[in-house]
Amino acid sequence: MHRMGIACGAALLLAGFLLATPAQAHLMNSGFGPFYDGLAHPLLSPEDLLPAVAMTLLAGLGGAREGRFVLAALPGAWLVGMLAGWAIGVPAPPAWLIAVVTTLIGALVAGDLRLPLAVVIAVAAALGLLHGYANGRDLATTTGALLAIAGIACSLFAVVSLLAGQVAVVRAQWARLAVRISGSWIAAIGMLMLGWSTRS
Amino acid sequence: MRLRPSIILLPWVLVLWPTGASAHITGDQVGGFVSGFEHPISGLDHIVAMVSVGLWGAQLGAPAIWLLPVTFPIVMAFGGMLGLMGVPLPGTEIGIALSAVALGAMVATEARPPLWVAAVLVGIFAIFHGHAHGTELPPDESGVLYSMGFVIATGLLHLTGIAIGLIHRWPSGEMILRLGGAGVAAAGGWFLAGGEADLLTLIRAGAAATGGWFLALAGS
């Protein structure tokens with residue numbers, strides 16, 4: 001059942017990517033108000049979702065304990081970052097930095113490296129702060145920004161708990177490999193984004 | 001390794017999905033994904049090389065068969081990044097045509113060099129392929145969605161090669177794979193000579209390889 005669950009989860013996730021509507025700085029309008037707009041935001045912006053998914057896969061590969069820590073660290077740091085960006089956000093984080101972070105975390109998943117717990121938590125916290133800051137900054141002029149911020153944090157919590165929970169119980173070699181291949185694809189996308197960021 | 005229905009179905013879900021998506025949602029962003037996805041599968045020279053990477057991996061077995069789909073996308077994206085940054089790489093088209101010749105020859109002869117030799121060979125070609133894509137990218141698409149489509153399509157080409165390569169477990173399948181490798185090498189020779197990378201070429205190359213194969217069989 002877990003295997004089917006992972007396959008279905010991966011298919012849904014990719015379907016989400018493929019159906020993703022414009023990933024812009026502005027919130028999409030779900031018609032249900034700012035909390036729901038926030039809930040939908042991470043799922044519809046691949047720039048945010050890709051590194052968050054890579055981080056989740058990394059935590060899942062590390063096992064249940066690591067997954068639980070990242071479940072607290074990633075959405076928590078994202079929330080703190082959003083509040084900081086919303087309150088004080090002046091400089092925008094550069095596109096190349098986001099691309100480099102995406103590449104690095106994807107590569108860690110592809111390599112299936114055993115990292116110390118503290119390092120994984122630190123990476124999750126740094127990622128959350130960086131992207132949360134960018135999100136919060138974009139929300140600064142939105143009405144109901146705090147509700148949207150709460151929605152984004154809840155959405156990330158759901159993504160991390162569902163996906164890391166699935167990956168943490170994986171034992172079959174091919175399923176672990178599928179996770180590593182996903183990481184490799186995310187790293188490759190991050191590298192192309194890095195090249196892209198030097199163009200304009 | 002027993003294959004479960006879920007693994008076999010997954011690539012198909014991924015392949016079939018974008019068409020459905022583009023039918024309903026229009027706009028630059030989805031267009032970015034679709035054009036990224038179409039780019040690697042629009043040139044026959046690229047397709048045959050990517051698929052034969054998968055075929056060779058399947059012939060080599062573990063650990064190459066799993067090392068390959070994990071490392072190749074990263075190396076290719078590195079080449080793509082160099083292309084996007086405008087770092088010049090001479091002889092890209094020749095490198096791509098040569099990659100089909102070399103990889104096809106490896107599959108045809110079922111070559112088993114040490115793993116690092118295979119990795120370096122495939123890695124060099126990966127940079128050429130990635131670089132060509134990087135320099136050809138259209139400037140005003142959505143970068144992240146284009147990159148996603150591009151990486152997913154290339155990854156699926158490898159998985160297709162590996163899936164076809166699984167027939168290697170049967171003696172007749174082993175023969176067919178080697179024949180396919182000869183076809184890829186012949187197609188690469190045609191590209192190298194400046195031939196068009198179209199479907200007719202593939203058919204011609206397949207016919208030439210089949211003829212050569214029967215001649216070799218008759219001679220032995």
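FYI, it's all coordinate maths here, none of it is from the lab. No experiment lies behind these values; they were computed from the predicted model shown. Glycine gets a Cβ as well: all are built from the backbone with ideal geometry, and neighbour counts include every protein chain shown.
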Project the alpha carbons of chain A onto their principal axes and report the range along each, largest first, in whole Å.
48, 37, 32
Would you calculate, for chain A, the mean residue ellipticity at 222 nm contributed by helices, counting each DSSP H stretch of 4 or more residues as -39,500 (n - 2.57) and dividing by all residues, to the nearest 500?
-27000 deg cm²/dmol
With an 8 Å cut-off on Cα pairs and a minimum separation of 6 or more residues, tell me the relative contact order of chain A in percent.
36
As I understand it, the value is the acute angle between the Cα axis of helix A:173-197 and the longest principal axis of the Cα atoms of chain A; what does it come to in degrees, rounded to 10?
40
Using packing as a proxy for protection, rank A:133-145, A:86-98 so that the peptide with the highest average count of other Cβ atoms within 10 Å comes first.
A:133-145, A:86-98
Inside 10 Å of the C-beta atoms of A:174-184, what's the mean count of C-beta atoms belonging to other chains?
4
Per-residue average of other protein chain Cβ atoms inside 10 Å, peptide B:63-73 -> 4
Output field shielding_mean for A:98-111 (other chain Cβ, 10 Å radius) holds 2
Identify, among B:Gly180, B:Ala126, B:Ile152, the residue whose Cα sits farthest towards the positive end of the charge dipole of the stretch B:32-219, taking +1 on the Cβ of Lys and Arg and -1 on the Cβ of Asp and Glu, with the dipole about the Cα centre.
B:Gly180
